[in-house]
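Accompanying notes for the structure given below.
The values are calculated or read from the model by the stated rules, or taken from the named source; none is laboratory data. Bear in mind that the values here come from a model prediction, so they are computed numbers and not experimental data. Cβ atoms come from the backbone with ideal geometry, glycine included; neighbour counts cover every protein chain shown. The area values use the complete protein model at the heavy-atom level, side chains included, leaving out ligands, DNA and RNA. Shrake-Rupley method; radii C 1.70, N 1.55, O 1.52, S 1.80 Å.
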Amino acid sequence: MGLEMSEISNYKSSVVLSKLASNEQHGENSPYFDGWKAYDNDPFHPVNNPNGVIQMGLAENQLSVDLIEDWIKINPKASICTNDGIESFRRIANFQDYHGLPEFTNAIAKFMEKTRGGKVKFDPKRVVMAGGATGANETLILCLADPGDAFLVPSPYYPGFNRDLRWRSGVQLLPISCKSSNNFKITIEAIKEAYEKGQQANVKIKGLILTNPSNPLGTILDRDTLKNIFTFTNEHNIHLVCDEIYAATVFDAPQFVSIAEIINDEICINKDLVHIVSSLSKDLGFPGFRVGIVYSFNDDVVNCARKMSSFGLVSTQTQHLLAAMLSDDEFVEEFLIESAKRLRERYEKFTRGLDEIGIKCLESNAGVYCWMDLRLLLKEPTLDAEMSLWKLIINDVKLNVSPGSSFNCSEVGWFRVCFANIDDQTMEIALARIRMFMDANNNVDENGILKNKQQWKRNNLRLNFSNGEYDENVMSLNMMSPNSPIPRSPLVRARN
């Protein structure tokens, strides 16, 4: 009896690929990544594709890239690929020490201090490089846990954690359920409940992972909450991993509090259980540079992570450039102030636009996104209803926003929408599309599909050209910058 082609294909795959390569723990089969694919297949462009999908699912900070470009223009020596910097080419191109360029690790430690208000000091000898925050998080997990072990993580949490922390490590994630009734704040009661559930299931819990500032909430943890969490992990002798990659995106009060500050405040603690993940992807808008940092207060973890870093080192060319940039104290201070100012202005403008059309967001003061409340638009409070609404927004409104269920949110109807990866005019178009959608919300059939889709498209087309024309800079931005195109495989785009 002959085999069907699909059976032959599956057989070949099972023979050729490892269990790791063929399992489904990579996380790509998620609405979060499906939204990126929808954008990739039909990307918005103000002229070439005005009815395309606008990318609002990508947590990038592109509002202050011009400041970086200006610095590079007046500091050509920072690059080994210029006439001014060529004298350093041979030394930089041949440097292979896993510890990194001393000037780079010193600059990183200094930058981490600045982004935490100068309240704590960081030791350059504890700075370990990794391939972006994705690599840093996975490196830490591989140092701290064995396959089958588990980490507690407050939900909603970044969907990429299912890939970054689980796929190759075999580690489990146990969600700590946070509720909208208290603005999704983490409580000790919820932590204890999740911990006890894990113990009852005979799962070995090795630690707790925090994202502070939060992705997707855009909120920060106050000092008392951090102290309570740290007390819990310390008493239970489990690790506390603090992902602080959005530290410099705090644009309004209250100020960011790093776990490093809490360590300084406490006396009877075990510092060996505390670890920080940092990055330049969000703080400076450098996701393509793949600069991730493991900073641990545990000597053994530092040594082990450094050995593992050989699998994801930051190129010495990048280290050299960033060492010069981050050592420029005046530039860094001005950049951090201006970046926060621009993030605050964009956040206020975008949320005000949403509020005017009846959409509320969780109040936040950090990050490059909003946690948008669309519960009133659900036909019923179910996951299926959330998915129907999300598909309507993707397919008809043509906006890639991410549903709360992809963030493991325990409540349906919440969506993350990113606002710092697009230009002002694209943001206005997005708001106008949402406004039209809200106006048309009562005109949908029983399946949640717009009844007059052609009218929607005609209105949308008029909307996109309502400004008459776009200047060349905006067109160039949409065509050439990281704001618009995404990799063909969403697995390549890490930590968003």
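Report, by residue number, each residue of the stretch 362-399 that is acidic (Asp, Glu) and open to solvent by 90 Å² or more (accessible area, probe 1.4 Å).
Selection gives Glu363, Glu380, Asp384.
Residues of the stretch 184-200 being out of contact with any Leu (no Cβ under 6 Å at 6 or more places or on another chain) and assigned to a loop (DSSP other than H, G, I, E, B), which ones?
Of everything in the stretch 184-200, those that are out of contact with any Leu (no Cβ under 6 Å at 6 or more places or on another chain) and assigned to a loop (DSSP other than H, G, I, E, B) turn out to be Lys185, Ile186, Thr187.
For the stretch 342-361, how many residues are open to solvent by 10 Å² or more (accessible area, probe 1.4 Å), among the hydrophobic types (A, V, I, L, M, F, W, C) and closer than 22 Å to Tyr158 by Cα?
Residues that pass the stated criteria total 1.
Do you know which of the residues in the stretch 314-341 that are farther than 18 Å from Lys110 by Cβ and touching a helix residue (DSSP H, G or I) at 6+ places or on another chain (Cβ under 9 Å) is most open to solvent (accessible area, probe 1.4 Å)?
Gln317
Quick one: would you say Val120 is of a type in the set (Val, Ile, Thr), over 30 Å from Phe104 (Cα atoms) and either touching a residue at least 12 places away in the same chain (Cβ under 8 Å) or open to solvent by 20 Å² or more (accessible area, probe 1.4 Å) (or both)?
The answer is no for Val120.
Taking the stretch 395-439 on its own, how many of its residues are assigned to a helix (DSSP H, G or I) and either in contact with a Cys (Cβ under 8 Å, 6 or more places away or on another chain) or not basic (Lys, Arg) (or both)?
Adding up the residues that qualify gives 21.
Restricting the search to the stretch 139-153, which residues are over 19 Å from Val274 (Cβ atoms) and either among the charged types (D, E, K, R) or part of a helix (DSSP H, G or I) (or both)?
Of everything in the stretch 139-153, just one residue is over 19 Å from Val274 (Cβ atoms) and either among the charged types (D, E, K, R) or part of a helix (DSSP H, G or I) (or both), namely Asp146.
Of the residues Thr139, Thr105, which single one is crowded, with 19+ Cβ neighbours inside 10 Å, within 18 Å of the chain's Cα centre (by Cα) and of a type in the set (Val, Ile, Thr)?
Answer to the selection: Thr139.
Here's the yes/no breakdown for (1) more than 30 Å from Gln62 (Cβ to Cβ); (2) touching a residue at least 12 places away in the same chain (Cβ under 8 Å):
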position: Gln200; (1), (2): yes, no
position: Leu208; (1), (2): yes, yes
position: Phe232; (1), (2): yes, yes
position: Ile238; (1), (2): yes, yes
position: Val250; (1), (2): no, yes
position: Ala253; (1), (2): no, yes
position: Cys268; (1), (2): yes, no
position: Ser309; (1), (2): no, yes
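Scan Ile68, Ile54 and give me the residue that is aliphatic (A, V, I, L, M), open to solvent by less than 40 Å² (accessible area, probe 1.4 Å), under 20 Å from Ile293 (Cβ atoms) and touching a residue at least 40 places away in the same chain (Cβ under 8 Å).
Exactly one of Ile68, Ile54 is aliphatic (A, V, I, L, M), open to solvent by less than 40 Å² (accessible area, probe 1.4 Å), under 20 Å from Ile293 (Cβ atoms) and touching a residue at least 40 places away in the same chain (Cβ under 8 Å), namely Ile68.
For the stretch 268-277, which positions are within 15 Å of Leu240 (Cβ to Cβ) and open to solvent by 10 Å² or more (accessible area, probe 1.4 Å)?
Passing the criteria: Ile269, Asn270, Lys271, Asp272, Leu273.
Could you look through the stretch 157-216, keep only residues that are more than 27 Å from Cys370 (Cβ to Cβ) and polar (S, T, N, Q), and pick out the one that is surrounded by the most Cβ atoms within 10 Å (Cβ to Cβ)?
Residue satisfying both the conditions and the ranking: Ser169.
Provide a single number: the residues in the stretch 322-375 that are part of a helix (DSSP H, G or I) and among the β-branched types (Val, Ile, Thr).
Selection size over the stretch 322-375: 3.
Mind checking which residues of the stretch 429-446 are touching a Lys or Arg at 6+ places or on another chain (Cβ under 9 Å) and at pLDDT below 95?
Within the stretch 429-446, Ala440, Asn443, Val444, Asp445, Glu446 qualify.
Restricting to the stretch 227-236, and then to whatever is more than 19 Å from Pro156 (Cβ to Cβ) and of a type outside the set (Phe, Trp, Tyr), can you tell me which residue is surrounded by the fewest Cβ atoms within 10 Å (Cβ to Cβ)?
Among them, the one singled out is Glu235.
Here are some residues: Asp222, Asp252, Asp283. Which one is of a type in the set (D, E, K, R), within 24 Å of the chain's Cα centre (by Cα) and open to solvent by less than 10 Å² (accessible area, probe 1.4 Å)?
Asp283
Spot the failing condition for Met129; the list is (1) within 26 Å of Cys304 (Cβ to Cβ); (2) surrounded by fewer than 20 Cβ atoms within 10 Å (Cβ to Cβ); (3) in contact with a helix residue (DSSP H, G or I) (Cβ under 7 Å, 6 or more places away or on another chain); (4) touching a residue at least 24 places away in the same chain (Cβ under 8 Å), and only one is missed.
Exception for Met129: condition (2).
List pairs: first in the stretch 88-111 and closer than 26 Å to Val277 by Cα, second part of a loop (DSSP other than H, G, I, E, B) and among the aromatic types (Phe, Trp, Tyr), Cβ under 6 Å, 6+ apart or cross-chain?
These pairs meet every condition: Ala109/Phe122.
Can you tell me how many residues within the stretch 76-97 are exposed (fewer than 13 other Cβ atoms within 10 Å of the Cβ) and under 30 Å from the mean Cα position of the chain (by Cα)?
Number of matching residues: 2.
May I ask you to verify whether Ser214 is of a type outside the set (Asp, Glu), assigned to a loop (DSSP other than H, G, I, E, B) and within 27 Å of Gln255 (Cα to Cα)?
Here the answer is yes, as Ser214 does meet what is asked.
Hey, could you check the stretch 320-371 for residues that are more than 23 Å from Thr82 (Cβ to Cβ) and of a type in the set (S, T, N, Q) and say which is farthest from the chain's Cα centre (by Cα)?
Thr351
Search the stretch 324-339 for residues that are free of Cβ contacts under 8 Å to residues at least 60 places away in the same chain and pair each with any residue that is open to solvent by 50 Å² or more (accessible area, probe 1.4 Å) and part of a helix (DSSP H, G or I) when their beta-carbon atoms are under 6 Å apart and the residues are at least 6 apart or on different chains.
none
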